[in-house]
Amino acid sequence: MSEVMASDVRKPIGGLFTALGLILVAYGAIRNGDAPHWERSLGMNIDLWWGLVMVAFGLLFLWLARRGVHRAISLAEEEARDRELAKPPRPAP
């Protein structure tokens, strides 16, 4: 694997958004029946909804990071195969 793919920033960002989103989802689920708490947000459970959005965004980033690693591996294998095919044939002894 190349050094470029080793420093892929999508993995920690995806993990961070997923973890924080799960915390918000848990908080929103625990406080779901607390009507006075949601009066300022027009009765919507903002923590629950934005937590779900953050989890989806984090999982998207994690999927993109995983897809990028697989793509880099397949490109490296293809380049190795092309180099092998491009070698001139060895002369017979």
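The values are calculated or read from the model by the stated rules, or taken from the named source; none is laboratory data. Fair warning: this is a prediction, and the values are worked out from it, not measured in the lab. Counting neighbours? That spans all protein chains shown, and the Cβs are built from the backbone with ideal geometry, glycine included.
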*If you check 36, 12, which single one turns out to be part of a helix (DSSP H, G or I), loosely packed, with under 14 Cβ neighbours inside 10 Å, at pLDDT 90 or above and not hydroxyl-bearing (Ser, Thr, Tyr)?*
12
*Set 23, 46: member being farther than 24 Å from residue 12 by Cβ and surrounded by fewer than 18 Cβ atoms within 10 Å (Cβ to Cβ)*: 46
*Tally the residues that are over 11 Å from residue 54 (Cβ atoms) and modelled with pLDDT of 95 or more, restricting the search to the range 16-31.*
1
